[in-house]
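Notes follow once the structure below has been shown.
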Amino acid sequence: MKGYKLFVVLLSGLLLFSCQADTVSPEAQTSQPDAVDSEKSETTEILSDELGEYDFEGRSFNIVTCADYFFSPYDVEEETGELLDDAAYNRNRTVEERFNSDIVYTMLGGSAGESADAIMTSVLAGDDEYSLGIVHPYIGLAGLISNAYVLDWNDIPNVDLDKPWWNKSCNDVLSIGDLLPCASSDFVYFNSGCIYFNKDMAEQFQIEDPYALVYDGKWTWDKLSEIALSVSKDLNGDGNYDENDQYGYSIINHHRMIPVTYSMGISPSSKNEDGYIVLDNLGSEKMNSIVNKYYKLLFENTGTYLYDPSKNPDELELFRSGQVLFLHYVTQNIAALRDLDWDFGILPQPKYDESQAEYYSLAQSNVMVVPITVADAEFVGTIIEALSAYSYQYVMPALYDTTFNNKYLRDEDSIAMFDIIKNSLVYDPLWNYNASGNTVYFLSTLMGAQSTDTASYYASNHEAAEESLKKFFDTTHEAYGE
């Protein structure tokens, strides 16, 4: 069975880069093929970054990001004995010693938009304060780009976007014409929607093996709905399903719902022949079918617990208490489940149906930007390339080892699931460039209103969203003199 699993994982990685479901827009391609597996540190050939020799005479390389926005470490001041901490520490120190530089982290509070705001303030002041920003994938990013506050990654010396530590999908999809204003490499910890499941509960109810369903291509939203219903139970016998009962699936009604449509093989947006973003997919028959399918899971299936963030923002409460089988959550926040005293596993988000070729996961990862005020682009590009290369070679394997070595996820099947999720990342300008306002939240808006009327939503919202995106593209082109 182990050999079969490995074959499936390798095959899925190959297929992700040779084909794509027809309904996924060209702007939402799957991620880079060079996913890091749990044995990479022992088996992968060390690749050269081809940077050559530099002596930057102790110059500071200042990275700005939000301290409380990540579970994974960036700024580690000393070795702690924790594998991931030590890998990040040694990456930073190795780059510093190799290039005679000083890597400095400005770790802001935790507000999602603080990094973008800090860069904007610095640029407007004409300062060379920050060398790199790790910013929220949505909040504040469009403002940095449309005002030309960040460099085009294509123009940064010594950055080789064809190297395996760069996310080709992000760099292709988020290009604006010939301009690449933001990018992603293995220096940035990836984040995506996923499904965690209670292994004890799965065994208790003798449900179909979730891992086997994924391997066999049978992990669909209909299958999740079927299993969720089979384990639901009115525990206190009062005839009402509430927080005191047992469920098969739980999700909170906010941005957790954004990735759902992508997992079913469709992006709301696509590019027209003029290169502008249009939302034709939002009003399509396929999207209407998806919304109806998901509505039935949320409101017609007693196996679902839908958290209302205005009443109870703790979306983990029932999962922690053992009352939920499948929790719809994100990969990056896995540390929040570290202290569970029972075993859990991870799964990709389900497919629309078994005919869908692959699993898809919307990338909700942060992105990197370089302020346009940097004084020495060669220095900046060299350090970024080195940090990305060392992250690929050493930090990513440590992330896997930490995640799967009886610390967070607790079985080897989850390693394969994690690989599938990482290899299935898709991007969409509608999500990243914010110019569309709340349209990216269309599913959570409809579900909040308990509506499946995609036609009316499309008719009421698509023109304004498309015009806003067009303005963003035009303003950006003008700002960069294209």
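Things to note:
- Subset of the stretch 276-295 (residues that are closer than 24 Å to Val173 by Cα, in a helix (DSSP H, G or I) and open to solvent by 20 Å² or more (accessible area, probe 1.4 Å)): Asp280, Asn281, Gly283, Lys286
- Among the residues of the stretch 329-368, the ones that are assigned to a strand (DSSP E or B), in contact with a helix residue (DSSP H, G or I) (Cβ under 6 Å, 6 or more places away or on another chain) and under 25 Å from Val135 (Cα atoms) come to 2 in all.
- Residue list for the stretch 235-254, filter: of a type outside the set (Val, Ile, Thr) and surrounded by 17 or more Cβ atoms within 10 Å (Cβ to Cβ): Tyr241, Asp245, Gln246, Tyr247, Gly248, Tyr249, Ser250, Asn253
- Scan of the stretch 77-120 for residues that are closer than 20 Å to Asn366 by Cα and hydroxyl-bearing (Ser, Thr, Tyr), ordered by number: Tyr105, Thr106, Ser111, Ser115
- Condition met for Ala118 (open to solvent by less than 60 Å² (accessible area, probe 1.4 Å) and not hydroxyl-bearing (Ser, Thr, Tyr)): yes
- For the stretch 332-353, a residue qualifies if it is of a type outside the set (A, V, I, L, M), surrounded by fewer than 23 Cβ atoms within 10 Å (Cβ to Cβ), over 12 Å from Phe197 (Cβ atoms) and touching a residue at least 12 places away in the same chain (Cβ under 8 Å), and the qualifying residues are Gln332, Asn333, Arg338, Tyr352, Asp353.
- Residue in the stretch 354-373 that is open to solvent by 10 Å² or more (accessible area, probe 1.4 Å), at pLDDT below 95 and of a type in the set (S, T, N, Q) present: yes
- Here the helices (runs of 4 or more DSSP H) wholly within the stretch 387-450 that include at least 1 residues being modelled with pLDDT under 85 are 396-404, 412-423.
- Enumeration of residues in the stretch 431-451 that are within 15 Å of Asn253 (Cβ to Cβ) and open to solvent by 40 Å² or more (accessible area, probe 1.4 Å): Asn438, Tyr441, Thr445, Gly448, Ala449, Gln450
- Matching residues, the stretch 296-318, being in contact (Cβ under 8 Å) with a residue 40 or more places away in the chain and surrounded by fewer than 20 Cβ atoms within 10 Å (Cβ to Cβ): Lys296, Leu298, Phe299, Asn301, Thr302, Leu306, Asp308, Pro309, Asn312, Pro313, Glu317
The values are calculated or read from the model by the stated rules, or taken from the named source; none is laboratory data. This structure is a prediction, so every number in the text was calculated from the model and none was measured. All Cβ positions, even for glycine, are placed from backbone atoms using ideal geometry, and neighbour counts span all protein chains on display. Surface areas here come from the heavy atoms of the whole protein model, side chains and all, with no ligands, DNA or RNA. Shrake-Rupley method; radii C 1.70, N 1.55, O 1.52, S 1.80 Å.
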